[in-house]
1. Being closer than 20 Å to P43 by Cα and either over 17 Å from the mean Cα position of the chain (by Cα) or in a strand (DSSP E or B) (or both): is that true of L99 here?
2. Mind listing whichever residues of the stretch 27-46 are under 13 Å from Y194 (Cβ atoms) and part of a strand (DSSP E or B)?
3. Go through the stretch 305-338 and count every residue that is loosely packed, with under 13 Cβ neighbours inside 10 Å and of a type in the set (G, A, S).
4. Please name all residue pairs, on different chains or six or more residues apart, with Cβ atoms under 8 Å, provided the first residue is in the stretch 224-247 and is aromatic (F, W, Y) and the second residue is open to solvent by 30 Å² or more (accessible area, probe 1.4 Å) and at pLDDT below 95.
5. Residues of the stretch 215-267 being exposed (fewer than 15 other Cβ atoms within 10 Å of the Cβ) and modelled with pLDDT under 90, which ones?
6. Could you run through the stretch 246-276 and say how many residues are within 30 Å of A223 (Cα to Cα) and either out of contact with any Phe, Trp or Tyr (no Cβ under 7 Å at 6 or more places or on another chain) or among the hydrophobic types (A, V, I, L, M, F, W, C) (or both)?
7. Give me the residue from the stretch 279-319 that is free of Cβ contacts under 8 Å to residues at least 40 places away in the same chain and within 20 Å of the chain's Cα centre (by Cα) and, out of that set, farthest from Y376 (Cα to Cα).
8. Among the residues of the stretch 93-132 satisfying the criterion of being within 23 Å of H192 (Cα to Cα) and open to solvent by 90 Å² or more (accessible area, probe 1.4 Å), which is modelled with the lowest pLDDT?
Amino acid sequence: MKRFLPLLLLLLSSNAMAASLGQNMINNGDFEQSSQYWQLQTPLSWSANNGADGSGSILMNAEAALRDGYIYAKTASQCIQIENARNFSLNASFRYDSLPIERYGHEIHVVWYDGDNCTKGGQQGTFLRPKIKNGWQNLYSKNLTASLNAKSVKIVLAQNQHSSAKEMGYLKSFLVWVLSWFNIASPFPLAHGYWDNISLIPTKLSQAIPDNPSVNSKYVLPAGENYLKNSAFDKDNQHWRAYSESQWTAEDGYHNRGALLGTIVSPSGSRGTGVAYQCTNFGLPQIFEMGVRFKQSETSTQTGGGRFRVTWYEKENCQGQSTTDRKHIDPKPMSGWQNLVVKNLKSPSGATSARVSIIQSIKGEGEFSAYWDDAYFKAVTNY
């Protein structure tokens, strides 16, 4: 019997690593065991009797910096190995200690990681933000899907200020500034709050990705051939999914032919939006290169930028689990055409399709327009 005991323990521990449907994967999500399993940044703290049922909770009591009035983000976090879980539901309870005068940010974030123990990569899954109201409120997100090949997830409770003292008005801002010289904190109350009953529950389990995935040969193109259709926009924007603020233009392209014109208008502040995207199936793990031409319009009244990036998908036609590649290219703030190129894009294990996206941003109030032309996404070699 003693000879088989180590093997038995190994098998039991292996089974314990498998996720179970309907079972909360977060340790001490109700904070009944103080702040055990959670990493808290000071001055955040555990509260013994302010939870949803009069028991434990996490008190988010970050303070504003004296000089500028900002709350620099303070977090309580926990890393979890997701094992064989694929889809999840996220639930949390939150209560304001006192309602805010200004907008002070409390959020719960889900961040997926490629490596164990939240050590490699990091891709935002979702975030939830409580409403400004009294009493306990339940926040939830259903049908949350892990990123492709994710092995761990970090749950982050955060408090950071969304508006600075400068946006409080001249009198309040001046008062904060004067008090800062005497090292006196702002007299305006901050929106401290309590988190309780955090749960991440698997709703679907995944199957292991085979070491040698099947190849759909009908989607495999010779090396160097462009996977994107209508990449030059010579006649229209067919095969591209263009957003509402984008339009095809006939004579403004690189060779005075067609191009895609993206326009972004902001009444105040900076923001970003999609210009267009295209999904393509490639059927075989490969190393890719992608590129596009970019030129900002001279009619723009505000500066802006853009991004050209790829998101990998598990299934054909950009379905299933996905992960956005961390390699991308942004244009420089200059006039004239720019040739943007991203090399050595390695499709992740299990990916069979890709979404190539054009994104644009504006840095303040006004209008920013830019032309996009001659996009390509081609395989360089197999691996």
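1. yes
2. The answer is S45, W46.
3. Summing the residues that are loosely packed, with under 13 Cβ neighbours inside 10 Å and of a type in the set (G, A, S) in the stretch 305-338 gives 2.
4. The qualifying pairs are Y227/L221; F233/R257; Y243/T273.
5. Within the stretch 215-267, V215, N216, S217, K218, S244 qualify.
6. Total satisfying the criteria: 9.
7. Here the answer is Q319.
8. Ranking the qualifying residues of the stretch 93-132, first place goes to R103.
The values are calculated or read from the model by the stated rules, or taken from the named source; none is laboratory data. Since the structure is predicted, the reported quantities are computational estimates derived from the model, not experimental observations. Every residue, glycine as well, gets a Cβ built from its backbone with ideal geometry; the counts of neighbours run over all protein chains shown. The accessibility values were calculated without ligands, DNA or RNA, using every heavy atom of the protein model including side chains. Shrake-Rupley method; radii C 1.70, N 1.55, O 1.52, S 1.80 Å.
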